Amino acid sequence: MVDIPEHLLQRSAEARAKALGVPVEQVLAEMRGEAPPAPSAPAEAPTPPETAAVVEAPAPGDPDATAEQTPAVETKVVETEVVGPVETPEPEAPQGSLAPVAAPAEASPEVASPPSPVSGGDAPLAASVSPRPVAQPEAIPEGVRTQRLLTVVKARAIQQVKSSPADKVNTWPHLMIAEFTALLVMTGFLIILSVILQAPLLELANFNATPNPSKAPWYFLGLQELLSYYDPQIAGVIVPGISGLVGFMAIPYIDRNPSTKPSDRKFAILLFTFFLAGSATLTMLGTLFRGPGFNFTYPWADGIFFDDLKDWVDFG
Amino acid sequence: MADGNGGLRLGERIGEMATRVRGGSVWESMFRPGSPLKKGYSDSPRNRSYVIMNSVLYHLHPVKVKRHGVRLSYTLCLGGLSFFLFILLTITGIFLMFYYRPTAEAAYLDVEALSTSVAFGSLVRNMHRWGAHLMVLTVFLHMSRVFYHGAYKPPREFNWVVGVVLLLLTLLLSFTGYLLPWDQLALWAVTVGTNMGGFTPIFGPGVKFALLGGIEVTGNTLLRFYVLHVLFLPFVIVIFMAVHFWRVRKDGGISGPL
């Protein structure tokens, strides 16, 4: 059984109290199962014992009294009906006074002197109420519609609404214009670049003429540089394979720090910056500072030994 | 305004015709509600939403984004530019495919002929090559940007993993394309690159053999790299990109769910 939210319980109790002409606190306590039901006065209820029958009598101490009424609906209609007015219940329910809207026959003795609001079990009051009396179905007054509370489903159980106010703008035009501009700038940049710089095309591939030095594409030159320092098992496997690929994929699972503020993640940023600087340095070294035999050269003294990007830096 | 002969000026005639076309039922049927190309488009919050929701291309985007995410300095558009470069490379690549045969005898001559005797051939080949380098760069920078923003943190961990796979696929695409001109640069760069991959202890030699179609770079390798470059890797990368974009929308893109 779910806990019924407080505001729903309150609203239901108010409606019921208004219809029955009893104080809200009493109905509320009764719904929570804290107190036995109080007598009330439906229309055309002639005698005091029968008027008390309209309100059902849950067992004291039963916490789910309200919701457990539902199965009884089919058999004993009157017992489980909550009589309410057509209009929505007002927040100010009658407290200790008569509800004028409820029913004309409210002058019965019990209602004229309603019991004081009870918070706990009230023994004398409980004694005055007959446990499960019989009532007439036609006790509902004209113009009053019957309501019954079947169950209350919490929103959280079905869907989680996580909307919090945020400063948002429409994607069109604000974001799309920026993206379209970036797209045009990139296209323009690429076309101008392609007009100025010719893509390299050396002589036909020749298996018998190994160029010196032989270099990989630039994005692998950092690795090739590493290979000149370390054993292939280390430089070719451990660094790119384990730290490179697996390590990169594992970053979100290693870094469990939930904060995204730079001041909270100095170590992570330091580590990544070290990686960036290291790979950039290695790539630059491999591209520009390695000559014949993959030995160190100075590009300003000996020229650049990298045919792919030669045009970029060597216009002469 | 009337000219000497009492007719309308050409500009006005075109304008009148455009209005008629835009009011016609054919034009009307071509665009979903809210399209700015539709007649009578007005700038309203409702139409601004429709532009995104009713477009097959734009609906990759959410209708609204956080204001700070729109700032150019926040993302530098790196992810979007990577995607755009991929599209540009696809278009230029299809152009190149018309003039290229992946055999050891023909490949080099085809590239040479493309550069000299095909209209815009040289320009398109240059765009394809420099665009590929740029894409490696933008994908890598995009990853760095994501790291510095801590954008891989829950619930977006898995999208980071997909992103790393995309970086790997980008490198493989670039590397397989490197061999295709079949010149000295291509041959020996790929030789060095595959040798490095061959150092992997258990499956390294096997992968190298499968990749090269032999123990060294030959004409078989050219065909394998060609199929990988124009068909297999683009196919795989498109799937991963779809997952990547989907997860951006579902897990949250620019700092939090959108």
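Each value in this text was obtained by applying a stated rule to the coordinates, not by laboratory testing. Here the structure is a predicted model, which is why all the values come from computation and not from measurement. Glycine also receives a Cβ, built like all others from the backbone with ideal geometry; neighbour counts cover every protein chain displayed.
Before moving on, here are some points about what is shown:
- Relative contact order computed over chain B (Cα-Cα under 8 Å; 6+ residues apart), in percent: 17 percent
- In a DSSP loop and with at most 13 other Cβ atoms within 10 Å, the chymotrypsin sites (Phe, Trp or Tyr not before Pro) in the range B:87-132 are B:Phe98, B:Phe120.
- The range B:67-251 gives an Rg/Rh value of 1.01, both radii derived from C-alpha positions and Rh following Kirkwood.
- Calculated FRET efficiency for the pair A:Thr273/A:Phe296, C-beta based, R₀ 30 Å, to 0.05: 0.70
- Amide H contacts of A:Leu309 (H built 1.01 Å from N, under 5 Å, at least 5 apart or other chain): none
- Relative contact order (%) - criterion: Cα under 8 Å, at least six apart; region: the range A:213-316: 36 percent
- Computed from backbone phi, the HN-Hα couplings of the range A:196-211 come to 6, 9, 7, 5, x, 9, 7, 6, 4, 4, 9, 5, 9, 10, 7, x Hz, rounded to whole numbers (Karplus: 6.51 cos²θ - 1.76 cosθ + 1.60, θ = phi - 60°; Gly and Pro given as x).
- Between the range B:102-144 and the range B:33-89, the C-alpha centres lie 30 angstrom from each other.
- The value obtained for the range B:66-125, namely the Cα convex hull volume divided by the number of residues, is 102 Å³ per residue.
- Approximating the spin labels as points 7 Å out from Cα along Cα→Cβ, the B:Ala106-to-A:Asn208 distance works out to 2.6 nm.
- Summarising the overall dimensions of the range B:15-65 from its C-alpha atoms, the Rg and Dmax are 12.2, 38 angstrom.
- Estimated dipole of chain B in Debye, rounded to 20 [Cβ of Lys and Arg +1, of Asp and Glu -1, Cα centre]: 1340 debye
- For B:Arg67, neighbours were defined as the other residues whose beta-carbon sits under 13 Å from its Cβ, and their charges (Lys and Arg +1, Asp and Glu -1) total +3.
- Förster-model FRET efficiency, 56 Å R0, A:Ala280 and B:Leu10, C-beta, rounded to 0.05: 0.45
- Paramagnetic label reach from A:Ala178 (point 7 Å along Cα→Cβ; backbone nitrogen cut-off under 15 Å): within the range B:69-93, residues B:69-81.
- 10 Å Cβ neighbours from other chains, averaged over peptide A:200-212: 6
- Structure-based [θ]222 nm, chain B - -39500 (n - 2.57) summed over DSSP H runs of at least 4, per residue, nearest 500: -21000 deg cm²/dmol
- Calculated FRET value between B:Ala242 and A:Asp167, using beta carbons and R₀ = 35 Å, to 0.05: 0.70
- Convex hull volume of the range A:213-316 per residue (C-alpha atoms, cubic angstrom): 128 Å³
- Taking amide H as placed 1.01 Å from N in the peptide plane, B:Asp183 has its amide H under 5 Å from the amide H of A:Ala205, each at least 5 places away in sequence or on another chain.
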